[in-house]
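Q: First the structure, which I've put down as structure tokens, then a few questions once you've had a look.
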Amino acid sequence: MVLQVRQIIQIANVVAVAAWIVVVLSPWGTRELTEADLLKIEAAFARIEASLGTEGGKTV
Amino acid sequence: MKDYISSADLAIWIVLIAGRLFLCLSICKKRLHQRLRWFSLYSFAAAFESVLLLAIAYSASYEVYYYVFYVTSHSISVLTFLTLIECGRRVLPGLNVPQREKAGALLLVAISGVVAFAGLWPLRFIENRIELGSQLSVAVAFFFIAIYSRYLGLSWSRLLAGIASSLGFLYSYKVRQKQLRGTIL
């Protein structure tokens, strides 16, 4: 019975390692950055910079 | 020592070592050590422990194996605790203040339940009771992080939720093992 208990925890370790391999290697939750995404980000930054420049002009 | 190892034990051990080594390679490939330093260190240490213990099991006495197992398992426990803190630091800042208070209260209730459970479970030695309580607390804390990862929109398949829930299940099994051994021996 003790031997079986010891084997169960070793099998649990194997299952945990398998789960970690899946979550480490899986592409779920990550997304490739496309050219269109990059353009959107650049446009957003340009708008932020423009609004900051306008605010700066008002204060000066 | 090798006389105590059955062929089934050896087969599971070899599969575990292969899995852990593959996990280390996966961590290096994905450069996870730059994002989750303590979990990566935990994985490398666990792989090293498995290989070292297998080598000692076939080359040294039971006493040597016992002392090496004692030192390495406690080192792994320290790394698990640091991984718990690392996962918690990633998840908890995502909660706003009222939800954080509610979450803290729920965690406190769960830990109180763990303390009561460890105190009331029929174990012969106080050391076993402390070990049972601490392992169950770690399991509860990992489940707590995994549930809040889910609450924040991270599914179980996402990295942090996957790591936390797996470690939670693993420590739950360890608690079950302690219960069975404590009841039998």
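Q: Return the pairs, sorted by first residue and then second, in which the second residue is assigned to a helix (DSSP H, G or I) and of a type in the set (G, A, S), the first residue lies in segment B:45-67 and is within 18 Å of B:R20 (Cβ to Cβ), the beta carbons are less than 8 Å apart, and the residues are 6+ apart or on different chains.
A: Pairs that qualify, where the first residue is within 18 Å of B:R20 (Cβ to Cβ) and the partner is assigned to a helix (DSSP H, G or I) and of a type in the set (G, A, S), are B:A45/B:S75; B:E49/B:S73; B:E49/B:S75.
Q: Could I ask something else about it? Could you list, in sequence order, the residues of segment B:93-114 that are over 20 Å from the mean Cα position of the chain (by Cα) and aliphatic (A, V, I, L, M)?
A: The answer is B:L95, B:V97, B:A103, B:A105, B:L106, B:L108, B:V109.
Q: Right, something else. Which of (1) over 16 Å from the mean Cα position of the chain (by Cα); (2) of a type outside the set (D, E); (3) not assigned by TED's automatic domain parsing to the domain that holds B:R176 does B:I85 not meet, given it meets every other one?
A: (1)
Q: What is the one condition in (1) at pLDDT below 85; (2) more than 7 Å from every other protein chain (Cβ to nearest Cβ) that A:M1 does not satisfy?
A: A:M1 satisfies every listed condition except (2).
Q: For B:L21, are the conditions met, namely being touching a helix residue (DSSP H, G or I) at 6+ places or on another chain (Cβ under 7 Å) and either surrounded by fewer than 20 Cβ atoms within 10 Å (Cβ to Cβ) or farther than 19 Å from A:V24 by Cα (or both)? Outline the logic, then answer.
A: On the way: touching a helix residue (DSSP H, G or I) at 6+ places or on another chain (Cβ under 7 Å): yes; either surrounded by fewer than 20 Cβ atoms within 10 Å (Cβ to Cβ) or farther than 19 Å from A:V24 by Cα (or both): yes.
Judged against the criteria, B:L21 is a match.
Q: What number of residues within segment B:103-146 are among the hydroxyl-bearing types (S, T, Y) and modelled with pLDDT of 85 or more? Lay out the reasoning, then the answer.
A: So in segment B:103-146, the residues among the hydroxyl-bearing types (S, T, Y) come out as B:112, B:134, B:137.
Cutting the leftovers down to modelled with pLDDT of 85 or more gives us B:112, B:137.
Summing the residues that are among the hydroxyl-bearing types (S, T, Y) and modelled with pLDDT of 85 or more in segment B:103-146 gives 2.
Q: Can you list residue pairs whose Cβ atoms sit under 8 Å apart, with the first residue in segment B:1-19 being in contact (Cβ under 8 Å) with a residue 12 or more places away in the chain and more than 7 Å from chain A (Cβ to nearest Cβ) and the second being in a helix (DSSP H, G or I) and among the charged types (D, E, K, R)? Count only pairs 6 or more apart in sequence or on different chains.
A: Final answer for the pair search is none.
Q: If we scan segment B:31-51, do we find a residue that is more than 17 Å from the chain's Cα centre (by Cα), buried (at least 17 other Cβ atoms within 10 Å of the Cβ) and either more than 18 Å from A:V22 (Cβ to Cβ) or among the small types (G, A, S) (or both)?
A: The answer is no; no qualifying residue exists.
Q: Does segment A:17-60 hold any residues that are part of a loop (DSSP other than H, G, I, E, B) and either over 30 Å from B:I163 (Cα atoms) or at pLDDT below 80 (or both), and which are they?
A: Taking segment A:17-60 first, the residues part of a loop (DSSP other than H, G, I, E, B) are A:26-34, A:60.
Result: A:P27, A:W28, A:G29, A:T30, A:R31, A:E32, A:L33, A:T34, A:V60.
Q: Looking at segment B:12-47, which of its residues are in contact with a Ser or Thr (Cβ under 8 Å, 6 or more places away or on another chain) and aromatic (F, W, Y)?
A: The answer is B:W13, B:W38, B:F39, B:Y42.
The values are calculated or read from the model by the stated rules, or taken from the named source; none is laboratory data. As the structure is a computational prediction, the values presented were derived from the model and not from experiment. Positions of Cβ are backbone-derived with ideal geometry, glycine not excepted, and every protein chain shown enters the neighbour counts.
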